[in-house]
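Below: one structure, written as structure tokens.
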């Protein structure tokens, strides 16, 4: 049987489970995940290699009505990814009604639909009407990105849809992202999980220092800057007596140590950059180009 290789964009609404699926398939936490929508901001690439298939995955920001300049660039990044890949994997939240707007948007495109969060359904026949509705866009595969249920079947459908070709990456490579960029994602993930409703959406993380000089001894030092727009937001991130920033650092450090397989000295600093989410220069510097 011919080997299949190609690019797959993970697309859909915010909080549908795209990043959770990416992490599940590559077997590592390379994308930030939280219960909040719009956690993913930039395209993140993962590589899944199984016998007969190498799928290069592009995790995209959720498609939504963009209001701020930052959100507009997030949607632009998702749309750019959709135009460049061999296949769209449309991740759908099985607890939400049929998404007619995106169904119309994806009509005529090469799509496999992943009906996600089915682990929450005790009565699986209740999924049949949704499967029938989305079946107009492509093959529908019920999955749980959280548990891995149905993901082998999903990979099988990707293999049918992707072109023949040799693997583009070594079998053990799971992403092209730099470690420092994944570390920034893991810090931002904790801000999403731990801070209040407003804070995650006005926060950016920049790794200013990544000292590996003692890595052969199992030790890495990381300096990360947490950017917010207002002094009041800084006060929330720091917390009373520095308790919040300490908790963010502790929880992020555990994730980063698992990623790097080393002890990590994570040093976090909070700075105020007024209205950075609307500043084209700062957005470019932070990598939010919309590409």
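The values are calculated or read from the model by the stated rules, or taken from the named source; none is laboratory data. Everything quoted here is computed from the prediction, not taken from an experiment. Cβ: placed from backbone, ideal geometry, glycine included. Neighbour counts: every protein chain shown.
Of all residues in segment 135-148, those being crowded, with 16+ Cβ neighbours inside 10 Å and within 12 Å of residue 115 (Cβ to Cβ) number 9. Selection of segment 173-188 for residues being in a loop (DSSP other than H, G, I, E, B) and either at pLDDT 90 or above or touching a helix residue (DSSP H, G or I) at 6+ places or on another chain (Cβ under 9 Å) (or both) yields 174, 177.
Go through the residues of segment 103-124 one by one and say whether even a single one is in contact with a strand residue (DSSP E or B) (Cβ under 6 Å, 6 or more places away or on another chain) and over 23 Å from residue 15 (Cβ atoms). Yes, some residue in segment 103-124 is in contact with a strand residue (DSSP E or B) (Cβ under 6 Å, 6 or more places away or on another chain) and over 23 Å from residue 15 (Cβ atoms). The conditions of being on the phi < 0 side of the Ramachandran plot and surrounded by 17 or more Cβ atoms within 10 Å (Cβ to Cβ) are met by residue 234. Here segment 173-207 is the region considered, the condition is being over 17 Å from the mean Cα position of the chain (by Cα) and without any contact (Cβ under 8 Å) to a residue 60 or more places away in the chain, and the residue that is surrounded by the fewest Cβ atoms within 10 Å (Cβ to Cβ) is 197.
Within segment 150-172, being surrounded by fewer than 14 Cβ atoms within 10 Å (Cβ to Cβ) and part of a loop (DSSP other than H, G, I, E, B) holds for 163, 165, 166, 168, 170, 171, 172. Whenever a residue of segment 250-264 is outside any helix (DSSP H, G or I), its partners that are crowded, with 17+ Cβ neighbours inside 10 Å, lying with C-beta atoms within less than 8 angstrom and at least six residues away or across chains, give the pairs 262/220; 263/220; 264/220; 264/222; 264/253; 264/256. Looking at the structure I just gave you, is residue 94 under 25 Å from residue 56 (Cβ atoms), surrounded by 17 or more Cβ atoms within 10 Å (Cβ to Cβ) and at pLDDT 90 or above? So residue 94 fails the test.
In this structure, residue 8 qualifies as within 16 Å of residue 159 (Cβ to Cβ), touching a helix residue (DSSP H, G or I) at 6+ places or on another chain (Cβ under 7 Å), crowded, with 20+ Cβ neighbours inside 10 Å and modelled with pLDDT of 85 or more.
Scanning segment 105-141 for residues that are in contact (Cβ under 8 Å) with a residue 40 or more places away in the chain and within 20 Å of the chain's Cα centre (by Cα) turns up 112, 114, 116, 117.
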